[in-house]
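The values are calculated or read from the model by the stated rules, or taken from the named source; none is laboratory data. The structure displayed is predicted, hence computed values, not measured ones. With ideal geometry, Cβ positions are generated from the backbone for all residues, glycine too; neighbour counts draw on all protein chains shown.
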There are 2 protein chains.
Amino acid sequence: MHDARRYHALPSPFAMKRGGVLHGAHVAYETWGKLSAAADNAVLILTGLSPSAHAAAHAEDPSPGWWEDMIGPGKAIDTDRWFVICVNSLGSDKGSTCPASLDPATGEPYRLSFPELSLEDVANAAHAAVSGLGIAQLACLIGCSMGGMSALAYMLLHPGSVRAHISVDTAPRAQPFAIAIRSLQREAIRLDPNWKEGQYSHDSYPEAGMSIARKLGVITYRSAMEWNGRFARIRLNPEQRDDDPFGLEFEVESYLEGHARRFVHTFDPNSYLYLSRASDWFDVAEYGEGDVQRGLERIHIERAMVIGVSTDILFPLEQQEEIAEGLKAAGADVEFVALDSPQGHDAFLVDIENYSRAIGGFLTSLR
Amino acid sequence: MHDARRYHALPSPFAMKRGGVLHGAHVAYETWGKLSAAADNAVLILTGLSPSAHAAAHAEDPSPGWWEDMIGPGKAIDTDRWFVICVNSLGSDKGSTCPASLDPATGEPYRLSFPELSLEDVANAAHAAVSGLGIAQLACLIGCSMGGMSALAYMLLHPGSVRAHISVDTAPRAQPFAIAIRSLQREAIRLDPNWKEGQYSHDSYPEAGMSIARKLGVITYRSAMEWNGRFARIRLNPEQRDDDPFGLEFEVESYLEGHARRFVHTFDPNSYLYLSRASDWFDVAEYGEGDVQRGLERIHIERAMVIGVSTDILFPLEQQEEIAEGLKAAGADVEFVALDSPQGHDAFLVDIENYSRAIGGFLTSLR
């Protein structure tokens with residue numbers, strides 16, 4: 001397998017919002033399409049908690065990306081027109097400097113000595129990578145889920161760096177329900193005796209905690225409505241079951257188990273903790289003297305599309321409406337799209353038809 | 001502290017739905033008020049997963065019960081008129097025979113050798129206790145949450161034993177979202193190394209697993225809407241926080257922690273597993289050739305009140321509507337009460353004003 005990943009070295013030292021500093025840090029990114037001579041056709045995608053920069057297949061890495069059906073020639077994010085960049089979040093172990101990286105000061109992995117990470121740091125690192133590509137202003141900044149919050153940070157911290165924005169299934173800050181869920185995910189990892197205050201190894205790994213965290217994630221990423229239709233009370237066949245009296249019995253349990261197994265060893269537990277906590281911390285109101293709307297009104301862009309889903313329990317629709325209202329009050333031409341996709345928060349990864357229509361339509365209409 | 005608990009010895013052997021048998025088993029119960037000479041004023045309350053039979057204060061045990069504001073002289077469940085019984089579920093360690101009880105065959109606690117428990121067994125045990133009190137027919141059967149499913153089982157298995165029914169925040173069977181949540185709660189307990197396949201001791205106890213299970217419970221028992229108003233993003237005072245970099249920071253986290261601490265050692269982990277699994281298994285459709293409505297139509301009572309809450313994510317309102325429709329189709333005079341209480345599934349424990357009005361009104365109207 002070839003690798004389409006590029007790396008951008010961050011300024012060293014790289015000062016972080018909450019006081020820490022990174023030396024010799026970098027972020028990984030991938031690109032699709034071609035940057036115009038005027039460097040005015042760049043679209044940046046900021047990701048959710050765990051996806052990598054590999055959002056779509058690439059000549060150098062033909063494996064499908066996490067948003068494969070959205071990005072490519074003739075697709076909603078049309079790489080014949082746009083130069084598309086996806087940056088792996090600072091703090092994520094999918095190629096960027098993260099708690100699993102070696103601390104140049106000690107030659108050992110940072111683990112919990114990694115400085116406190118905020119989404120503002122994620123945004124600043126992405127901005128540095130974009131600047132490094134010779135792009136002064138993005139034609140469009142797209143942020144999905146956690147990446148939607150990073151995108152708000154990006155626009156707040158770098159005025160004039162974005163012309164248009166697409167906000168996907170996100171929020172201006174976490175509500176207590178989302179905080180409670182993420183706090184419990186972190187607790188499941190931290191209570192796993194194999195976590196060892198972050199000093200786990202591959203052979204002694206907090207699998208149980210990561211499994212619980214992932215399953216709880218999947219439960220809140222989807223919707224009860226979707227599952228009523230999809231799983232109902234269907235049971236596994238006897239040959240799919242083991243002898244454990246409390247083992248898997250219903251299909252929905254097996255579905256969660258499959259998700260957990262695929263996830264557990266593909267994302268560093270400490271990265272999970274740092275990015276999850278950063279999601280709880282982020283708050284647009286910090287930029288508006290305690291008020292979300294006033295914070296959003298500091299974002300000056302030309303146009304925006306804000307998309308949300310009525311079945312999303314993690315980032316409820318009223319929070320997308322808040323974003324749309326704030327950006328509109330700040331003077332942007334804003335389109336608010338409320339979808340009824342049954343897939344909940346994950347709809348942007350599944351209901352490609354509706355998201356393609358919205359995002360593709362918006363991008364096509366950009367001059 | 002005096003104890004108002006009474007015990008009813010179950011027939012021995014007590015045959016269970018899924019094939020097991022208990023010898024020398026009993027259930028604990030408490031009563032309030034006085035049984036009429038005709039034994040026609042009895043109201044039975046079946047509880048949720050973890051509450052005891054101590055639903056209200058009593059001369060012999062003046063400590064407040066779990067439904068204290070609902071039960072008593074002049075209250076909605078008026079003990080001046082009604083002889084009120086609350087039975088602790090078979091399988092619960094609050095006085096009834098359960099996995100922590102000694103197996104008379106071995107002299108050792110059952111633990112996982114306790115036979116498979118279903119809500120039908122819970123219902124049969126409660127019915128035996130009621131019969132033991134000389135009551136052939138209940139004036140009213142009230143079931144809350146899991147107890148609402150036990151109540152449906154009670155009426156299906158003992159035709160003619162109930163005149164009126166109040167169904168509170170329950171369902172005719174679990175939907176996949178509820179199964180997923182409960183499965184994950186059980187997994188958190190089972191993955192705790194101290195669980196030891198049920199062979200834990202007081203000194204080596206699955207505290208972490210129980211804590212996660214309880215927090216996940218509380219998250220799904222309440223509602224996001226309530227928490228937006230109650231906790232928002234309020235942070236703990238510095239003196240309430242410890243040095244743990246991933247420790248409690250937001251009030252909602254501290255609220256969950258308090259709930260977990262109060263719960264962890266007051267409910268036996270194996271009881272939790274057995275009753276939780278029984279909740280997933282229960283399905284009214286088993287009594288209706290695979291159809292919920294046909295199952296409900298087998299229940300013949302005179303009147304019913306079915307109460308649900310629009311903010312309940314564990315037992316969504318449409319499931320209470322299903323119960324109301326089924327009982328109506330079977331010929332009962334049914335009142336369906338859809339409340340908008342913000343407290344979610346737990347509203348019946350918190351929104352005493354609305355539940356009192358509904359339940360009190362219904363009971364008063366019974367001839």
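Of all residues in segment B:195-241, which are within 9 Å of chain A (Cβ to nearest Cβ), polar (S, T, N, Q) and assigned to a loop (DSSP other than H, G, I, E, B)?
B:S223
For segment A:287-323, name all the residues that are free of Cβ contacts under 8 Å to residues at least 40 places away in the same chain and not hydroxyl-bearing (S, T, Y).
A:G288, A:E289, A:G290, A:D291, A:Q293, A:R294, A:E297, A:L317, A:E318, A:E321
Quick check: is even one residue across segment B:146-162 within 11 Å of chain A (Cβ to nearest Cβ), under 19 Å from the mean Cα position of the chain (by Cα), surrounded by fewer than 23 Cβ atoms within 10 Å (Cβ to Cβ) and at pLDDT 95 or above?
No.
Yes or no: segment A:240-254 includes at least one residue that is under 25 Å from the mean Cα position of the chain (by Cα) and surrounded by fewer than 19 Cβ atoms within 10 Å (Cβ to Cβ).
Checking segment A:240-254: not a single residue is under 25 Å from the mean Cα position of the chain (by Cα) and surrounded by fewer than 19 Cβ atoms within 10 Å (Cβ to Cβ).
Counting just the residues of segment B:262-277 that are surrounded by fewer than 22 Cβ atoms within 10 Å (Cβ to Cβ) and aromatic (F, W, Y), which one comes out farthest from the other protein chains (Cβ to nearest Cβ)?
Among them, the one singled out is B:F267.
Within segment A:318-325, does at least one residue satisfy the condition of being under 30 Å from A:E226 (Cα atoms), within 12 Å of chain B (Cβ to nearest Cβ) and surrounded by fewer than 17 Cβ atoms within 10 Å (Cβ to Cβ)?
Yes, that holds for at least one residue.
For segment B:126-166, give me each residue that is farther than 22 Å from B:G288 by Cα and assigned to a loop (DSSP other than H, G, I, E, B).
B:L133, B:G134, B:I135, B:A136, B:Q137
Does A:E297 qualify as being modelled with pLDDT of 95 or more and more than 12 Å from chain B (Cβ to nearest Cβ)?
Here the answer is yes, as A:E297 does meet what is asked.
Per-residue answers, yes or no, for (1) closer than 18 Å to A:S276 by Cα; (2) of a type in the set (S, T, N, Q); (3) outside the structural domain of A:M155 (by TED's automatic domain parsing):
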{"residue": "A:H23", "(1), (2), (3)": "no, no, no"}
{"residue": "A:N41", "(1), (2), (3)": "no, yes, no"}
{"residue": "A:T47", "(1), (2), (3)": "yes, yes, no"}
{"residue": "A:T106", "(1), (2), (3)": "no, yes, no"}
{"residue": "A:L112", "(1), (2), (3)": "yes, no, no"}
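Take the residues of segment A:40-53 that are in contact with a strand residue (DSSP E or B) (Cβ under 8 Å, 6 or more places away or on another chain) and surrounded by fewer than 24 Cβ atoms within 10 Å (Cβ to Cβ): which is nearest to A:R182 (Cα to Cα)?
If we take residues in segment A:40-53 being in contact with a strand residue (DSSP E or B) (Cβ under 8 Å, 6 or more places away or on another chain) and surrounded by fewer than 24 Cβ atoms within 10 Å (Cβ to Cβ), then A:S52 is nearest to A:R182 (Cα to Cα).
Based on what the data block shows, is A:L248 touching a residue at least 12 places away in the same chain (Cβ under 8 Å) and more than 7 Å from chain B (Cβ to nearest Cβ)?
Criteria met by A:L248.
Quickly run through segment A:83-119 and pick out the residues that are more than 16 Å from A:I142 (Cα to Cα) and outside any loop (DSSP other than H, G, I, E, B).
Hits for segment A:83-119 are A:L102, A:D103, A:E108, A:P109, A:R111, A:L112, A:S113.
Restricting to segment B:7-30, what's the tally of residues that are under 15 Å from B:A129 (Cα atoms) and either in contact with a Ser or Thr (Cβ under 7 Å, 6 or more places away or on another chain) or surrounded by fewer than 19 Cβ atoms within 10 Å (Cβ to Cβ) (or both)?
Matching residues across segment B:7-30 total 9.
Restricting segment A:167-194 to residues that are crowded, with 20+ Cβ neighbours inside 10 Å and assigned to a loop (DSSP other than H, G, I, E, B), which is nearest to the other protein chains (Cβ to nearest Cβ)?
A:Q175
Looking at (1) of a type outside the set (F, W, Y); (2) buried (at least 16 other Cβ atoms within 10 Å of the Cβ); (3) out of contact with any Gly (no Cβ under 7 Å at 6 or more places or on another chain), which one does A:R367 not meet, given that it meets all the others?
Only one criterion in (1) of a type outside the set (F, W, Y); (2) buried (at least 16 other Cβ atoms within 10 Å of the Cβ); (3) out of contact with any Gly (no Cβ under 7 Å at 6 or more places or on another chain) is unmet by A:R367, namely (2).
Give me the pairs, please: first residue somewhere in segment B:220-234 and over 17 Å from A:L216 (Cβ atoms), second residue anywhere and in a helix (DSSP H, G or I) and among the small types (G, A, S), beta-carbon distance under 6 Å, and either six or more positions apart or on two chains.
B:S223/B:G344
Within segment A:31-82, count every residue that is farther than 21 Å from A:A358 by Cβ and over 15 Å from the mean Cα position of the chain (by Cα).
Total meeting the criteria: 16.
Tally up the residues in segment A:278-293 that are in a helix (DSSP H, G or I), crowded, with 19+ Cβ neighbours inside 10 Å and either within 14 Å of chain B (Cβ to nearest Cβ) or charged (D, E, K, R) (or both), please.
Number satisfying all stated conditions: 6.
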